[in-house]
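For reference, the structure is listed below as structure tokens.
The values are calculated or read from the model by the stated rules, or taken from the named source; none is laboratory data. The structure presented is a predicted model; accordingly, all values stated were derived computationally and were not measured. Counting neighbours? That spans all protein chains shown, and the Cβs are built from the backbone with ideal geometry, glycine included.
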Amino acid sequence: MNSIQLTPPQERSPGIAEIPPVILPNLQHLYSRRAARLRQLAVAHDMADYLLFAANLVDVQQALLSIAPLPEQLSAGLAQRVGTGQAPLADRRLLAEPYWKDLLRRISDRLYPSANPSTQAVLDQLRDLDEATLETLAHALISGEYDHSGGGQAVFIWAALSLYFTQLAAKLPAAGKAGLGEQRQRCPVCSGIPVASVIMTGSQAGLRYLHCSLCASQWHMVRVKCSNCEQTGQIDYWSLNELKTAIKAESCGDCHTYLKVLYPEHDHEAETLADDLASLPLDAHMQQEGFARSGLNPFLLPG
């Protein structure tokens, strides 16, 4: 069980206000900032076409956030999910809601006219799937069963799911409560796995937070500790450029995995998902060194 649990706001743990265990997503600039960063990183980048594809998809998420927001009836019952000792959004029944499937249809409709023929073929396949199949694919994605998650369809399914779960997380009437121990490999909000970690600036300067790949929540974990196996004895940091770079890989010699770490103090424009995606040469280097990636970037799903 995760040592961070969500509770009603009035039950926030006293004495730890300076280190919020959980930071729920702020929807105001999440997608617009991500899309802008992807376009900035695409300039003269070897992956420019794919970074621009990702930016266009994020633009669609931003548009749907405005014109097709989470229905009030879906947020009305969120309070009942808080304080149970479990991640409030780690519930397969949420996948039965038609809202996220409508988001998926809208994403397909908006992307289709400007998509290339191969992408259009994937979107055509998505449109032919029934609700039961979509729920099965969605559950496989969230569970990490990527071989059964629809191949090239996965990135679009995840885009709809992420927009759905991020809105749910943003509307949770909850605060984090830190318990004894760590057990913080997974998101305490939805049980998702992290994209990367971020060394914060501002009021939480110097603290490390893991960033959820599904619901965009962030949760605290101490630094110089493996986010996968929690060991501390063989932690190393890798970069391809200068020492004070905005992104490094934190490796663990105990479990032989790594997770990217972002340092916004070295680049204020850095954005977790975008910068992780644009730094694939660092991933290639880590794999050559014998380390496996422990995090998930939804734009790197199979297909």
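Here Val82 clears all of (1) touching a Pro at 6+ places or on another chain (Cβ under 6 Å); (2) under 24 Å from Ala54 (Cα atoms) except the condition numbered (2).
What helices (runs of 4 or more DSSP H) lie completely within the range 72-131 and have 3 or more residues being over 23 Å from the mean Cα position of the chain (by Cα)? Give the derivation first.
Numbers: elements: 72-76, 98-111, 117-127.
Those helices (runs of 4 or more DSSP H) span 72-76, 117-127.
So Lys225 clears everything in (1) outside any strand (DSSP E or B); (2) within 25 Å of Leu161 (Cα to Cα); (3) of a type in the set (Lys, Arg) except one condition, right? Which one? Of (1) outside any strand (DSSP E or B); (2) within 25 Å of Leu161 (Cα to Cα); (3) of a type in the set (Lys, Arg), only one is false for Lys225: (2).
Please determine whether any residue of the range 260-283 is hydroxyl-bearing (Ser, Thr, Tyr), within 18 Å of Leu30 (Cβ to Cβ) and under 20 Å from the mean Cα position of the chain (by Cα). Looking for residues that are hydroxyl-bearing (Ser, Thr, Tyr), within 18 Å of Leu30 (Cβ to Cβ) and under 20 Å from the mean Cα position of the chain (by Cα), one finds at least one in the range 260-283, hence yes.
Scanning the range 34-60 for residues that are within 18 Å of the chain's Cα centre (by Cα), over 17 Å from Asn297 (Cα atoms) and surrounded by fewer than 18 Cβ atoms within 10 Å (Cβ to Cβ) returns a single hit, Ala36. Is it true that some residue in the range 286-294 is modelled with pLDDT of 95 or more, surrounded by 14 or more Cβ atoms within 10 Å (Cβ to Cβ), among the charged types (D, E, K, R) and within 17 Å of the chain's Cα centre (by Cα)? Checked the range 286-294: at least one residue is modelled with pLDDT of 95 or more, surrounded by 14 or more Cβ atoms within 10 Å (Cβ to Cβ), among the charged types (D, E, K, R) and within 17 Å of the chain's Cα centre (by Cα). Listed by first and then second residue, the pairs linking a residue in the range 24-48 that is under 24 Å from Leu214 (Cβ atoms) to a residue that is surrounded by 14 or more Cβ atoms within 10 Å (Cβ to Cβ) and basic (Lys, Arg), with Cβ atoms under 9 Å apart and 6 or more places separating them unless they lie on different chains, are Leu24/Lys171. If you check Leu259, Leu214, Leu282 for being farther than 20 Å from Ala54 by Cα and either part of a loop (DSSP other than H, G, I, E, B) or at pLDDT 95 or above (or both), only one passes: Leu259. Taking the criterion of being out of contact with any helix residue (DSSP H, G or I) (no Cβ under 7 Å at 6 or more places or on another chain), surrounded by fewer than 16 Cβ atoms within 10 Å (Cβ to Cβ) and assigned to a loop (DSSP other than H, G, I, E, B), the residues of the range 228-255 that qualify are Cys229, Gln231, Thr232, Gly233, Gln234, Asn241, Glu242, Leu243, Gly253, Asp254. Residues that are within 22 Å of Arg34 (Cα to Cα), surrounded by fewer than 15 Cβ atoms within 10 Å (Cβ to Cβ) and of a type outside the set (Phe, Trp, Tyr) within the range 109-167 comprise Asp109, Ser114, listed in sequence order.
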